[in-house]
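K.L.:
Please read through the structure below; I'll follow up with questions.
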Amino acid sequence: MSDSTARQLDEASPVLAIDGLGVEFASEHGWLRVLDEVSFAVGPRETVGLVGESGSGKSVTSLSVLGLLPRRSSRVVGDIRLRGRELGGLSTAELEDVRGREIAMIFQEPMTSLNPAFTIGDQIVAVVRRHLGWTKKQARAHAIEMLGHVGIPNPRQRVSEYPHQFSGGMRQRAMIALALSCRPRLLIADEPTTALDVTIQAQILDLIREMAEENDMSVLFVTHDLGVVADICDRVVVMYAGQVVEEGTAEEVFCTPRHPYTEGLLRAMPDVEDHVRELVPIPGTVPPPWEFPAGCRFADRCSYAQDRCRQPVALTELGPRRAVRCHRFDELDLEGAS
Amino acid sequence: MSRVLVRRLLTMIPLLFFVTLGTFMLTHLIPGDPAITVLGDNSTPERVEAVRERLGLNEPLLSQYADWISGVPSLDLGTSLFSSEPVRDTLANRIPVTLSLTAAALFVAVLIGVPAGILAATNPGRWIDRVATIGATLGVAAPSYLIGSLLIAWLALKSSIFPATGYVPMEESVVDWARSITLPAVALGSAAAAEIARQLRGALRSVLQEDYVRTARAMGLRGRIVVGKYALKNAMIPLVTVIGFQVTSLLGGTVIIEQIFGIQGLGSLAVRKVLEQDIPVVQGIVLVSVFVVIAVNLVVDLMYSYLDPKVRVR
Amino acid sequence: MTASTPDSAVTVARVRGRGLRRFARRFLRQRTALVAAGFLLLMVLVALFADVLAPHDPDAQTLRDTLLSPLTDGHVLGTDELGRDVLSRLIHAARVSLLAAVIAVSVGFVLGVPLGLISGYVGGWVDTVLQRITDAVMSFPPLILAIAVIAVLGPSLTNAMLAVGLVFAPRFLRLVRASVLSVREQTYIEAAKTIGTPMPVIVLRHVLPNVLSPMIVQMSLAAGFSLLAEAGLSFLGLGVQPPDSSWGSMMGRAFRELNQQTWLIVWPGLMIVFTVLAFNVLGDALSDALGREIREGNDDE
Amino acid sequence: MNDQAAVPAGTSGKTPLLEVDDLEVAYRIGRGRRAQDLIAVSGVSFHIDHGETFAVVGESGSGKSTTARAITRTLPVRAGNIRLGGRELTELSGRELRRIRSDVQMVFQDPYSSLNPSMLIRDSIAEPLRVHTDLDSHARDAAAHDLIQAVGLLPEHLNRYPYEFSGGQRQRIAIARAIATSPSLVICDEALSALDVSTQNQIIRLLEEIRQTKSVAYLFIAHDLAVVRHIADRVGVMYLGRMMESGPTERVYNAPAHPYTEALLSAVPVPHPRRQRARRRMLLPGDVPNPLEPPSGCVFRTRCPRAMDICAEEVPMPFPAVGGGEVACHLHTSGPELGGESVRVLSTA
């Protein structure tokens, strides 16, 4: 079923297609499978949200796209295609050409993600010169332009400042300027607003949306915040314990969830506009990889679980790019966000 | 930069006070009477009194300190208890010897330690890391005098490339200087090399795990640039710190190495004077080495302000 | 009660043994650390039972059999310039060498730890003065400071070790102070204050235990260093005085016979290398085992 | 200031559990001649009734945690009053202060560092009892036994160390410790923000349950406005060390009286795509100003879309808001066409 994900993108070939991705980490428990059969695609100009709680494997997924997992202590299987080109077989040097040029990434901690020993400008210049082969002067002018573009006031002066002279929000803007400096086709944003205050988060979300539109860029947005997903994502991939459990458009996943975990997340999520609805917690916690159940991984915490839920369960296609991993998806009448 | 320098110099005032006071107090912690040390146990009270008068031992402690410290700027460190030669003259021709030995050892240490540390950090778990780590662990544990002795036994006594003992000043012959300094510098510098390699490996390993290194890699910068430029500049601060510390211990290490290789420097002088209990000379040696250490620390501090933009940009 | 879903909370994240036991298991997994600990234990036993273990009288001179090579005439490691059995002398010297390390580390500990606690916890001008003095002491190259003290007190093992201990004291002080400062920032200290726990109790129950564990690592490393320092001073004749001998003083005498019998200097040299190595490996392993304890705590979940 | 403002809404004559009046807290930054005072909290007043949940919300640097620490007296109070059950806390010291601490307990943000890693859970939970009661160790064990079950863990967990627990479980342990002496006020300083959504909800339930069974009041410090709406009876909004507005939760969320509150609420995304995309966002330009050089007058004016001349000149004083609570904003007192009459000028649309 997973290999059909790509086929269903009939109108345009996807920018990123992940197919049967599995990742194992070396640990004191031996090789641990932390990702299993992860498949989804990001279409052109699409923003796809990768959602889940800590331990769901969403960050591992995003790091494996760029081949940034530690090489010696991890094993990756499955296909990762960037505009039809398989990334898995690339040499390190070839992969380095893709990183930053075609796929860029921004991270959660703007405080630590920029090098403290170099100016913001130098960091952008290095990347631009590396990928586009421009002169120092051109690259610097471009850096100033990019900083202005992402809304940093006074870019001509700030280009030669160090990260510690920037506030958290400004640093994330600078990080975005760095990431977008070579106009990548795909931006992977790994919880880019989690460490920021809400008013700054709003600024950054708008900025990412704007930049994506301007540059015809696709975005893979990793987050645990359903509000952020509702705000910025066209499509949603819900992950749980290293697997994709549901996929669909934002509308579908939020309004007519088909997986009990998605329903659980929606019911647990507080809503600033709605106080009437009671918050219903999902019992328990995400199991660590060495305690993943053999059957449905959510069964232990699921209020709808039956005996057959102890059996392994596959991702079922419900329609074009709409899928769910649940034994009982066709019997359950789940409640969506209202 | 100059502001940093001035601020550092100001904070050094209490340090210099404690250091000189400590050095001075050595004489007065001594059980028994230095005058008797000079004269031997069975001298007449009159002669003891005369010597005490000459050494200024009858004055109050504070004025003795004031007396002694006021001589320091003009390099007047008193006279030897035995030879009546001014301490300054005794030290003068030995200081360059010890400094050149220390510098050569530091050179050896950096030359071996830095590449070894970088190679080990960038190839964790591989054979090159293992070799470097084992070498560094052994190097830290091996006493310099064992290495020195073995070098003498195997390289100096059995062949004539390197002399076993003695020191040729650089002004006499650069080649002979290099020959005479190589073995002692290697013996003295090996532990420092090991320590530098260990610390640099650790620092670089932890820098390589920082988020900004991940950013640099995510942006497609070449692996060697990520390590050689992005990571190394951040690892320089701990590296400079270690090198600064190493100067301190190298300077101490000269005491033994000069003894083994028969080099007439401060170290071998110190050993002799300790056994003779010639306190003014020992004081002079201690003072000189402390000043060298303080000067090195000052350089290290200034390098921090160059390396760490947080210090540089207010 | 049912509302808070207690059954879910009951599934404790992962239970893999208690604190000390987990620490021990982690430590034991490091094979080199085990070898090091085993070697040190062996050395202690050798030192304690030197009289029984030594094949010959360490002081028995046989002037006919001087500077024998190893494995001749029943002398496994040969004889020295006075014809004394090297192996027996090594075994007896272990006593002095280990004792020296213990004295130096204890001196450093007794001086450094309480002052470090005071400096870190009291702060203010007390801290400033202590820090300046520490700066000053640390500006003396270790061996130079040691021989300066010996110059005053005269050459002897105890004096040498007092001097080396004095070298450690400011390093211990710094370390304790630094960990006090970092522990002080931990929320559990604030929690204790909010609870109303009196200050001395906070220091004893909350600060001290969390400050001492990194100290164990340092003490192991310091033991290695003091062994080296003692050996160096005794090599120069400024440490242990005849008729006692340590590995360092054996090397000092052996050095004079270097062009006739190289083995003589190698044996005590190797003992020093192995013992220092064992202390260092042990220290690194302890710090790994402790360090991971803390780190793993933080990326649970 | 009229009489109405002096008696905060909702007290109806009864002594509130906690009254904070014109609180000012300052830190000393730097040493020697370079030293500067950072006024972290200034002119903050609010009260909490018995058994009530009052939430203080704000972004980083708003002074909300500083306020909490001033109440527990772990930070020095420069000016103002803090009364607990009518008793002035700022004048207490030593033994008396320690005694009152059994009545105000705290749950912290980071469940990893708020428990001593080298102490058994048993001893952590029993620490308040050890300090404040003369129970012997058996009685303390029995109490710890009850407490750990009250927070949904098992007695066997008492003999373990903190690292063996997940974040949510540690937070339960921290709560058990906080309620050991049956305090009348528990301060939760961002106690939920380090947790995943599902765990967050479990803890919210637990806190609610404890409020009902033990009749404690909560001072809830948080930056997550969505969570606060679900748990607080009343809420105060802070910005750069000052209270912008406070009032019953429903009133503040439905009819924010302060532009900052409005901006803050509009910035929080709701977990529903259609609703979220239909929302109008009131973007605040720039960053929070440097607290060492706060703007003159109203501290919010540099980012306020409705700033007027007077905002730079006068610090706005708290003024009764329509629907309950107070607001400190010139729009309500000196607005162009208001003439001193407080009306609802802002809508959430």
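Values in this text are rule-based calculations from the coordinates and carry no lab data. All values reported here derive from a predicted model rather than from experimental measurement. FYI the Cβ positions are ideal-geometry reconstructions off the backbone, even for glycines, and counts take in every protein chain you see.
K.L.:
Net charge within 14 Å of residue A:310 by Cβ-Cβ distance, Lys/Arg positive one each and Asp/Glu negative one each, not counting residue A:310 itself?
P.N.:
The answer is +2.
K.L.:
Could you calculate the FRET efficiency of residue A:308 with residue D:14 from 1/(1 + (r/R0)^6), where r is the beta carbon distance between them and R0 is 56 Å, rounded to 0.05?
P.N.:
Rounded to the nearest 0.05, the efficiency is 0.45.
K.L.:
Okay, moving on. Shielding by partners for D:215-227, please: the mean number of other protein chain Cβ atoms within 10 Å of each residue's Cβ.
P.N.:
Mean partner-chain Cβ count within 10 Å for D:215-227: 2.
K.L.:
Order D:117-123, B:142-148, C:224-230, C:112-118 from most to least packed using the mean count of other Cβ atoms within 10 Å.
P.N.:
The most tightly packed comes first, giving C:224-230, B:142-148, C:112-118, D:117-123.
K.L.:
Residue-wise, which Karplus ³J(HN,Hα) couplings in Hz belong to the range D:231-238, taking 6.51 cos²θ - 1.76 cosθ + 1.60, θ = phi - 60°, and x for glycine or proline?
P.N.:
10, 8, 7, 10, 9, x, 10, 10
K.L.:
In addition: May I ask for the Rg/Rh ratio of the range A:109-183, computed from Cα atoms with Rh as the Kirkwood radius, given to two decimals?
P.N.:
Looking at the range A:109-183, the ratio lands at 0.92.
K.L.:
A follow-up question, please. Provide the three semi-axes, in whole Å and in decreasing order, of the ellipsoid equivalent to the range C:38-166 as defined by the square roots of 5 times the Cα gyration tensor eigenvalues.
P.N.:
Equivalent ellipsoid of the range C:38-166: 43, 17, 10 Å, largest first.
K.L.:
Place a point 7 Å from the Cα of residue D:35 along the Cα-to-Cβ direction; which residues of the range D:77-108 have their backbone N under 16 Å from it?
P.N.:
Answer for this model: D:77-78.
K.L.:
Return the long-range amide H neighbours of residue D:47 (sequence gap of 5 or more, or a different chain), with a cut-off of under 5 Å between placed amide H atoms.
P.N.:
D:20
K.L.:
In Å, what Kirkwood hydrodynamic radius results for the range B:156-294 from the alpha-carbon pair distances?
P.N.:
Answer for the range B:156-294: a Kirkwood hydrodynamic radius of 18.1 Å.
K.L.:
When every alpha-carbon pair in chain D is counted, what percent end up more than 28 Å apart?
P.N.:
46
K.L.:
Another question, if that's okay. Give, to the nearest whole percent, the P(r) tail of chain B beyond 24 angstrom, counting all Cα pairs.
P.N.:
Value for chain B (Cα pairs over 24 Å): 64 percent.
K.L.:
Further question on the same structure: Within 10 Å of each Cβ in peptide A:21-33, how many partner chain Cβ atoms are there on average? Round it to a whole number, please.
P.N.:
So the per-residue partner count for this stretch is 0.
K.L.:
By its C-alpha gyration tensor, with a ≥ b ≥ c as the square roots of the eigenvalues, how is the range D:81-227 shaped: rounded for a/c under 1.5, else prolate for a/b larger than b/c, else oblate?
P.N.:
In terms of gyration-tensor shape, oblate.
K.L.:
Calculate the all-directions average of the projected area of the range A:35-119's alpha-carbon convex hull, and give it in nm².
P.N.:
7.4
K.L.:
On average, how many beta carbons from a partner chain sit within 10 Å of the beta carbon of a residue in A:220-227?
P.N.:
Whole-number average of other-chain Cβ neighbours for A:220-227 is 3.
K.L.:
So, one more: Explain nothing, just compute: Karplus ³J(HN,Hα) = 6.51 cos²θ - 1.76 cosθ + 1.60, θ = phi - 60°, for every residue of the range D:145-159 in order, whole Hz, x for Gly and Pro.
P.N.:
4, 5, 5, 5, 6, 4, 9, x, 10, 9, x, 5, 6, 4, 8
K.L.:
Residues of the range D:251-274 with the amide nitrogen closer than 11 Å to a label point 7 Å from the Cα of residue A:206, along Cα-to-Cβ, please.
P.N.:
Residues D:267 fall inside that zone.
K.L.:
To continue, here is another question. Given a Förster distance of 35 Å, report the FRET efficiency between residue B:3 and residue B:95 from their Cβ-Cβ distance, rounded to the nearest 0.05.
P.N.:
Working from the Cβ atoms, E equals 0.65.
K.L.:
Where in the range C:209-231 does the label zone of residue C:244 land, with the point 7 angstrom along Cα→C-beta and an amide N cut-off under 14 Å?
P.N.:
C:230-231
K.L.:
Another one. Mind jotting down a quarter of the surface of the convex hull over the alpha carbons of the protein assembly as shown, in square nanometres, one decimal?
P.N.:
Approximately 58.2 nm², given one-decimal rounding.
K.L.:
Relative to the longest principal axis of the C-alpha atoms of chain B, give the angle of the C-alpha long axis of helix B:2-29, reported between 0 and 90° and rounded to the nearest 10°.
P.N.:
Roughly 40 degrees between the two axes.
K.L.:
Sticking with this structure for a sec: List the residues whose amide H sits under 5 Å from the amide H of residue B:79, counting only those 5 or more places along or on another chain, with H placed 1.01 Å from N in the peptide plane.
P.N.:
Residues meeting the criterion, in which the H sits 1.01 Å from N, are B:87.
K.L.:
So if we plug the beta-carbon distance of residue B:72 and residue C:201 into 1/(1 + (r/R0)^6) with R0 = 41 Å, what FRET efficiency do we get, rounded to 0.05?
P.N.:
0.25
K.L.:
Okay, moving on. Under 37 °C and 0.692 mPa s, how fast does the range D:9-138 diffuse according to Stokes-Einstein, given a Kirkwood radius computed over C-alpha pairs? Answer in µm²/s, whole number.
P.N.:
Approximately 193 µm²/s, per Stokes-Einstein.
K.L.:
Among D:283-296, B:241-254, how do they line up from the highest to the lowest mean number of other beta-carbon atoms within 10 Å?
P.N.:
My ranking of the peptides, most packed first, is B:241-254, D:283-296.
K.L.:
Sum up the charges of everything whose Cβ sits under 14 Å from the Cβ of residue C:215, counting Lys and Arg as +1 and Asp and Glu as -1, but leave residue C:215 out.
P.N.:
Summing Lys and Arg as +1 and Asp and Glu as -1 gives +3.
K.L.:
Ranking request for peptides A:220-232, C:195-207, A:300-312, D:243-255: highest mean number of other beta-carbon atoms within 10 Å first, then the rest in descending order.
P.N.:
Result, highest mean first: A:220-232, D:243-255, C:195-207, A:300-312.
K.L.:
Please list, in chain and number order, the residues 5+ apart from residue A:15 or on another chain whose amide H is under 5 Å from its amide H, with Hs placed from the backbone.
P.N.:
A:42, A:43
K.L.:
³J(HN,Hα) across the range D:96-102 via Karplus (A = 6.51, B = -1.76, C = 1.60, θ = phi - 60°), whole Hz, x for Gly/Pro?
P.N.:
Ordered by residue, 3J(HN,Hα) equals 5, 5, 4, 5, 5, 5, 5 Hz.
K.L.:
In the range A:28-90, which GluC sites (Glu not before Pro) are in a loop and have at most 10 other Cβ atoms within 10 Å, using DSSP for the loop call?
P.N.:
Qualifying residues, ordered by number: A:28.
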